[in-house]
Structure formats: C-alpha cells, structure tokens
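Just below is one structure, and these are the notes that go with it.
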Amino acid sequence: MRLDCEIVRTTATRAILAAWPDTVPRPDAPLRPFQDAIDALTLARACGMPEVRRPAFHAFLRDPAFWTALSADRRAIALPDDDLLRLHEARHTLQSKWRVLVLKIPGEGREELRSLCKKIDTPRGGRPRTCQAAAKDARACWRSHIIDSDMWEKGAMHPICCALDQKNVRGLE
C-alpha cells in the first residue's frame, strides 16, 4: 500500500508523524500499548515512512508489557524476527550502558568535583582526609544508595523507563 497521491501522502504522513513524533517522551508520558507501536510500524513500512521506526522501536523498548508478552508467546507479537533481534540487541546494549552509568557518581570526572576536594572537612581529632579517600567514600555511598533503592533493578530491567523517571534523573544529572 503505497501512497502515490502527493496530497494524500502528505496528509497521512503529517498525521502519522504527529501521532509518532521522533522525540524522547517526557518522563510522565504514558506508555503506549505495544500493539499501537506494531500497527504504526506496519503502516509506516507499507506507506514508506521510515521516520516512524525510531519512535515505534522506542515504544517497544520502554514498555514492560511488550517484553512480558514476548517472553510469554513469541507468536503473539506480529513483528518480523529482524525487528525482534534489533530490539533484543538494543535492550542488551541499554542495560549494559545503564550499569556503567548508574555506578558512576554524578559529577565524577568533572572539574568542579575535583575543586571540592580542596574543601574537605577534617574529622575532629582525626587525620586529614585526602581527596582520594573522600572520592572513594563518595563512590561507596552512591553505589550503596543505588543498590539499596530500586534504581539498580528497575534500570536493569527497563533502562529507558528508569532513566526517564524524574526522581532518578535529578540524581543522575
């Protein structure tokens, strides 16, 4: 089904792109049902609109219900194997990147964090702490927070959803 009439194609393209914009959804944006993403992807391919692929794939990656349905019954998901392989690879990559990102304390490696080392308080009656010791303590504290909170597990399962969660993003800036 190609849209050969220019006016019809332009109108249809605008409507589909308005419904599936190529932007990262706001953290509070509701998840779209994954069947809507399947329909959008199918329509986009049939009509020659590759710009819909990215937001549709993003919707799959973001939706825990999609992954649950996929693991329950692969045949219930009307997507080609190539798409599923791409989604699995993307999810694996995101999960790996998530683990690296979340274990790095916010600001680590930035100049302003290094300048804070000059202002380290000396414990009363104790030996002065070095910048290296303070950084080690900060990393340990941050990692304990990540593991004790639900961010570690939530992000490992659904890195996009967790990264978009406003309360978590504030801590990761």
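Some observations on this one:
- Any hit, region 47-58, residues being more than 30 Å from Arg139 (Cβ to Cβ), of a type in the set (Lys, Arg) and modelled with pLDDT under 85: no
- Of all the numbered requirements in (1) modelled with pLDDT under 85; (2) in a helix (DSSP H, G or I); (3) under 27 Å from Ile146 (Cβ atoms), Val8 misses one, and that requirement is (3).
- Residue in region 41-56 that is among the basic types (Lys, Arg), surrounded by fewer than 14 Cβ atoms within 10 Å (Cβ to Cβ) and out of contact with any helix residue (DSSP H, G or I) (no Cβ under 9 Å at 6 or more places or on another chain) present: yes
- Looking across Arg170, Arg139, one residue alone is at pLDDT below 65 and of a type in the set (Lys, Arg). It is Arg170.
- Remark: His92 matches the filter, which requires a residue to be surrounded by fewer than 13 Cβ atoms within 10 Å (Cβ to Cβ), part of a helix (DSSP H, G or I) and either at pLDDT 95 or above or out of contact with any strand residue (DSSP E or B) (no Cβ under 7 Å at 6 or more places or on another chain) (or both).
- Residues in region 97-105 include none that are farther than 30 Å from Lys136 by Cβ, of a type outside the set (Gly, Ala, Ser) and part of a loop (DSSP other than H, G, I, E, B).
- Checked against the criteria, Ala18 does not count as assigned to a loop (DSSP other than H, G, I, E, B) and more than 24 Å from Gln95 (Cα to Cα).
The values are calculated or read from the model by the stated rules, or taken from the named source; none is laboratory data. Quick caveat, the model's predicted, so the values are computed rather than measured. Heads up, the Cβs are rebuilt from the backbone with ideal geometry, glycines too, and the neighbour counts pull from every protein chain shown.
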